[in-house]
């Protein structure tokens, strides 16, 4: 089975989308695991506001804006990482402690991984929407997606701060996951920017040189004459 891309013909019916159905089933399993006895219930609730909004937007827009298999896969991977952080709290994820012990880090860096993933994994979904509604240029769509992703990361940091201060300042420390680093928000944004830049470069390289073409569904020319794969 080949995966559809930003320029593939996309079916807006749910039942024929077997790959999407599998991803939905897997995410339900991940969400159930995450919700089952999390380390801090209120922290889990705060962390799930973002995934809930993402899922709601995807469901409500599916008929008018069905997205590609690659986009749904990347969203699934990002939200799985996010649910892992929500279950344990970001500063206590076992994977982060394992990396800390292996490389001698001074802190649990799982939150850095997720912020990098925000840029790396969400770049392509943003690019796809821009391609379909704004411009057929791969480079320009990527540049816009890079800008939006970077701005989105900064806005998310501000929202996190407001939620932590307004909802529950005590839970806010675990929610923000600063681990004593006063520059935590800036480093998180830098990680998201780095992830977006790498995703931008990889996507353009794949487009220009036909990388992964054998794994992707053929493009089509029914909207705005896209000039890329």
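Read the figures in this text as sums done on the coordinates, not as results from a lab. Remember, predicted model here, so these are calculated numbers, not experimental data. FYI the Cβ positions are ideal-geometry reconstructions off the backbone, even for glycines, and counts take in every protein chain you see.
Would you list 87, 115, 140 from fewest to most Cβ contacts within 10 Å?
Working: 87 22, 115 27, 140 14.
Result, fewest neighbours first: 140, 87, 115.
How many nm separate the modelled label positions at residue 209 and residue 92, each set 7 Å beyond the Cα in the direction of the Cβ?
According to this spin-label approximation, the distance is 4.5 nm.
Apply the a/c threshold of 1.5 to the C-alpha gyration tensor of the stretch 91-146 and tell me whether it is rounded, prolate or oblate.
Here the stretch 91-146 falls in the prolate category.
Counting other C-beta atoms within 10 Å, which of 53, 79 has the fewest, and how do the rest follow?
53, 79
Would you please classify the overall shape of the stretch 18-215 from the alpha carbon gyration tensor, given that a ≥ b ≥ c denote the square roots of the eigenvalues, rounded means a/c under 1.5, and beyond that prolate means a/b larger than b/c while oblate covers the rest?
prolate
Where does each of 188, 69 land when they are ranked from fewest to most other beta-carbon atoms within 10 angstrom?
Numbers: 188 25, 69 21.
Placing the least packed residue first, the sequence is 69, 188.
Once label points are set 7 Å from the Cα along Cα→Cβ at both residue 13 and residue 64, what is their separation, rounded to one decimal in nm?
Between residue 13 and residue 64, the label points sit 2.2 nm apart.
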